[in-house]
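Please read the structure below before turning to the comments.
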Amino acid sequence: MRKKLVAGNWKMNTTADEAVKLAKEIKARLTGFNGAELLICPPYINLIPVHKVIEKSVIKLGSQDLYYEKSGAFTSGISGEMLKSAGCHYVIVGHSERRAIFGDTDELINKKLQAALGIGLIPILCIGEKLEDREAGLTEKVIESQLDGALMGFPTDWMSNMVIGYEPVWAIGTGKTATPEQAESSHKFIREKLTRDFGNQVADELTILYGGSVNSDNSDALIAENNIDGFLVGGASLKAESFEKIARSASK
Ligand code: 13P
């Protein structure tokens, strides 16, 4: 069955103390919650202290990235095994900020996805077009090529352990969220492509999150769309109150 998921991507925010405080506030507000699956993704350095706060709760832990090698001379790299041992269930891969600022390519993303799946982490593969792509009518072309690159050579059974995050770059951190119709159109396109590439069952069961200026005022309308299964939330996940509201909205 397709599951609902609400994930908070804290990006490069929170000191150790702030991360623990925020995790405690989120936990307190969502104790016993069983609507959608809940996930928070703090910066690497705060994974372990946050895990201590949430380990016996309904909230799962995720990382914002990983490196694909298992171990060795990869200064500053963090492996999937390290993330697992820190308590992670999920890992975000291919976020547009990784692509644009740190130069992650489809080829690298493909390797990171393989590494995540190989160690039993659920990757959240992020894709999405830039404003100039959308304005040039290239949204679907970009999405298609990002999926082709990231998933190249993947057998069908790997796809049942993955989540996809559609995050139009122009909507990230801008307060300019995609309309429910725009988001649904891309989500539908993604699901149709996955149906062609991996079959009905995989596509039907795959959770596709929307991300890009999601807040507690626009989440109800977005989640009402057929192919939107939850959210990848940036800014609004840094406040326990708005994260809670979005989580509850996604569970209606
Ligand atoms: P905002 O919700 O701040 O727009 O960020 C979205 C995002 O990039 C989540 O990964």
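The values are calculated or read from the model by the stated rules, or taken from the named source; none is laboratory data. Nothing here was measured: the structure is a model prediction, and the numbers come from that model. Every residue, glycine among them, receives a Cβ derived from its backbone with ideal geometry; neighbour counts consider all protein chains shown. The protein model used for the area step is the full one, side chains on, heavy atoms only, and it has no ligands, DNA or RNA in it. Shrake-Rupley method; radii C 1.70, N 1.55, O 1.52, S 1.80 Å.
Annotations
- Across region 129-141, not a single residue is classified as of a type in the set (D, E, K, R), within 15 Å of the ligand (Cβ to nearest atom), within 16 Å of the chain's Cα centre (by Cα) and within 23 Å of K60 (Cβ to Cβ).
- Being part of a loop (DSSP other than H, G, I, E, B) and open to solvent by less than 10 Å² (accessible area, probe 1.4 Å) is not true of E69.
- Residue within region 96-118 that is assigned to a loop (DSSP other than H, G, I, E, B), aliphatic (A, V, I, L, M) and touching a strand residue (DSSP E or B) at 6+ places or on another chain (Cβ under 8 Å) present: no
- Residues (under 23 Å from R2 (Cβ atoms) and either within 14 Å of the ligand (Cβ to nearest atom) or small (G, A, S) (or both)) located in region 217-233: N218, S219, A221, L222, A224, G230, F231, L232, V233
- Selection of region 226-247 for residues being among the charged types (D, E, K, R), surrounded by 18 or more Cβ atoms within 10 Å (Cβ to Cβ) and either over 26 Å from P43 (Cα atoms) or in contact (Cβ under 8 Å) with a residue 40 or more places away in the chain (or both) yields D229, E244.
- Residues in region 149-180 that are without any contact (Cβ under 8 Å) to a residue 40 or more places away in the chain and away from the ligand (no atom under 16 Å from the Cβ): 2 in all.
- First in region 194-222 and polar (S, T, N, Q), second anywhere and assigned to a strand (DSSP E or B), Cβ under 7 Å, 6 or more apart: T207/L5; T207/V163; T207/G230; S219/F231
- Every condition in (1) open to solvent by 60 Å² or more (accessible area, probe 1.4 Å); (2) among the small types (G, A, S); (3) in contact with a Gly (Cβ under 6 Å, 6 or more places away or on another chain) is met by G165 except one, and the failing one is (1).
- Members of region 16-41 found to be hydrophobic (A, V, I, L, M, F, W, C) and not in a loop (DSSP other than H, G, I, E, B), listed by number: A16, A19, V20, L22, A23, I26, A28, L38, L39, I40, C41
- Top-ranked residue of region 72-95 - restricted to ones that are in a strand (DSSP E or B) and open to solvent by less than 40 Å² (accessible area, probe 1.4 Å), ranked as nearest to V53 (Cα to Cα): C88
- Scanning region 191-212 for residues that are within 16 Å of the ligand (Cβ to nearest atom) and either open to solvent by 30 Å² or more (accessible area, probe 1.4 Å) or within 17 Å of V142 (Cβ to Cβ) (or both) gives I208, Y210, G211, G212.
- Of the residues making up region 28-49, those that are within 30 Å of G77 (Cβ to Cβ) and open to solvent by 70 Å² or more (accessible area, probe 1.4 Å) number 3.
- Applying the condition of being away from the ligand (no atom under 16 Å from the Cβ) and either among the hydrophobic types (A, V, I, L, M, F, W, C) or at pLDDT below 95 (or both) to region 4-27 and asking which residue is surrounded by the most Cβ atoms within 10 Å (Cβ to Cβ) yields A23.
- Only one entry of V214, V163 meets the criterion of being β-branched (V, I, T) and closer than 23 Å to L22 by Cα, and that entry is V214.
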